[in-house]
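The values are calculated or read from the model by the stated rules, or taken from the named source; none is laboratory data. The structure presented is a predicted model; accordingly, all values stated were derived computationally and were not measured. Ideal geometry is used to build each Cβ from the backbone, glycine not excepted, and the neighbour counts take in all protein chains shown. The protein model used for the area step is the full one, side chains on, heavy atoms only, and it has no ligands, DNA or RNA in it. Shrake-Rupley method; radii C 1.70, N 1.55, O 1.52, S 1.80 Å.
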Amino acid sequence: MTEPIAPLAGKVAYVTGAARGQGRSHCIRLARAGADIVAIDACAPVAEHNGYPPALPEDLAETVNLVEGEGRKILAEEVDVRDLAGQQRVASNAIEQFGRLDIVVANAGVLNWGRLWEISAQQWQEILDTNLTGVWNTVKSVVPHMIAAGNGGSIINISSAAGIKAVPGCGHYCASKFGVVGLTNSLAVELGEYGIRVNSVHPYGTDTPMGNDLSMYQTFQDHPTYIYSFSPGALPTESLAAPDLVSDIVVWLASDASSLITAAQIPADKGYLKI
Ligand SMILES: NC(=O)c1ccc[n+]([C@@H]2O[C@H](COP(=O)([O-])OP(=O)(O)OC[C@H]3O[C@@H](n4cnc5c(N)ncnc54)[C@H](O)[C@@H]3O)[C@@H](O)[C@H]2O)c1
């Protein structure tokens, strides 16, 4: 049997952290597979201790151009995932404009460095608020619309290899990404009866502004043994993975090709988690 050319034709995908990096790549690839896109991003500084630059409004504008270049429609708004009312407003606007929501990629995230007892309460809270509460805000905003539409769907939460394997130097990030796993699996059980699947994806080093954050090297310099927790993985490359390779997994999870998969943790790690 031949594969359909546009396996997501007629579907609508809601993507957070869509201005650049993996989020932008997911928007483009979901659009290429036939979906219209709802894209949000803060497009502003989101955490005081980040060692890499924030996304800008022109980054989100470029995502819009690229999705439209794929021949699909896109509704894009500058909204922080910590803003529940903002996400609820966008989800309602999406239903008004497109009539449905089928695919959700909760991708927005932040990473910074420091030992657990040395980071400030603010540094802890900023990471938890975006990486975990932000995902819950997304879920709370989109799920009632998905249930009401009665079309089933696929929710894909972007965790991290650090959401399965504990790593030193970013324990607050680990805690947030392990939290995404618990949220994912409980939600999968709750949404099973509605035909909505919920899975998490666990990238390792990926070639984005976050993945190229040089401030992590200060942590390795201060605590040289931590480097043993960051192997290059099993495959013969030491380079960061292209975001497009993570999008391969996201598009698969969004499509009926993964219809048996829910409450699963899908690694995008070149075998790193086994080393
Ligand atoms: N890059 C890596 O090596 C790597 C590895 C594992 C997991 N991840 C995860 O992948 C996801 C995407 O990260 P990326 O590598 O593309 O990073 P990135 O920094 O390039 O992109 C993240 C995007 O999310 C947005 N964002 C951050 N906080 C936000 C908030 N509060 N509200 C709205 N938007 C917000 C940013 O503005 C940015 O556009 C994140 O959840 C990250 O934790 C990344």
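Looking only at segment 12-69, which residues are among the acidic types (D, E) and more than 10 Å from the ligand (Cβ to nearest atom)?
D36, E48, E58, E62, E68
Where the second residue is open to solvent by less than 50 Å² (accessible area, probe 1.4 Å) and more than 11 Å from the ligand (Cβ to nearest atom) and the first is under 17 Å from C43 (Cβ atoms) and lies in segment 84-109, which pairs have Cβ atoms under 6 Å and are six or more apart or on separate chains?
As it stands, the answer is Q87/S141, since those pairs meet every condition given.
State whether the residues of segment 199-222 include one that is farther than 30 Å from V143 by Cα, touching a strand residue (DSSP E or B) at 6+ places or on another chain (Cβ under 6 Å), within 12 Å of the ligand (Cβ to nearest atom) and free of Cβ contacts under 8 Å to residues at least 40 places away in the same chain.
Within segment 199-222, none of the residues are farther than 30 Å from V143 by Cα, touching a strand residue (DSSP E or B) at 6+ places or on another chain (Cβ under 6 Å), within 12 Å of the ligand (Cβ to nearest atom) and free of Cβ contacts under 8 Å to residues at least 40 places away in the same chain.
I'd like to know if segment 226-242 contains one or more residues that are touching a Leu at 6+ places or on another chain (Cβ under 8 Å) and surrounded by 14 or more Cβ atoms within 10 Å (Cβ to Cβ).
Within segment 226-242 (the criterion being touching a Leu at 6+ places or on another chain (Cβ under 8 Å) and surrounded by 14 or more Cβ atoms within 10 Å (Cβ to Cβ)), the answer is no, since none of the residues qualifies.
Does segment 223-255 hold any residues that are part of a loop (DSSP other than H, G, I, E, B) and either within 16 Å of the ligand (Cβ to nearest atom) or at positive phi (or both), and which are they?
F230, S231, P232, G233, L235, T237, E238, S239, L240, A242 - these are the residues of segment 223-255 that are part of a loop (DSSP other than H, G, I, E, B) and either within 16 Å of the ligand (Cβ to nearest atom) or at positive phi (or both).
For V142, only one of the following conditions fails: (1) buried (at least 23 other Cβ atoms within 10 Å of the Cβ); (2) more than 11 Å from the ligand (Cβ to nearest atom); (3) touching a residue at least 60 places away in the same chain (Cβ under 8 Å); (4) not in a helix (DSSP H, G or I). What is its number?
So V142 meets the others, but not (4).
In segment 109-148, which residues are farther than 17 Å from G179 by Cβ and of a type in the set (A, V, I, L, M, F, W, C)?
W113, W117, A121, V142, V143, M146, I147, A148
Please identify the pairs in which a residue from segment 31-54 that is over 25 Å from S141 (Cα atoms) has its Cβ atom under 7 Å from the Cβ atom of a residue that is aliphatic (A, V, I, L, M) and surrounded by fewer than 17 Cβ atoms within 10 Å (Cβ to Cβ), counting only partners at least 6 apart or on another chain.
Close Cβ pairs (under 7 Å, with a partner that is aliphatic (A, V, I, L, M) and surrounded by fewer than 17 Cβ atoms within 10 Å (Cβ to Cβ)) amount to G51/L214.
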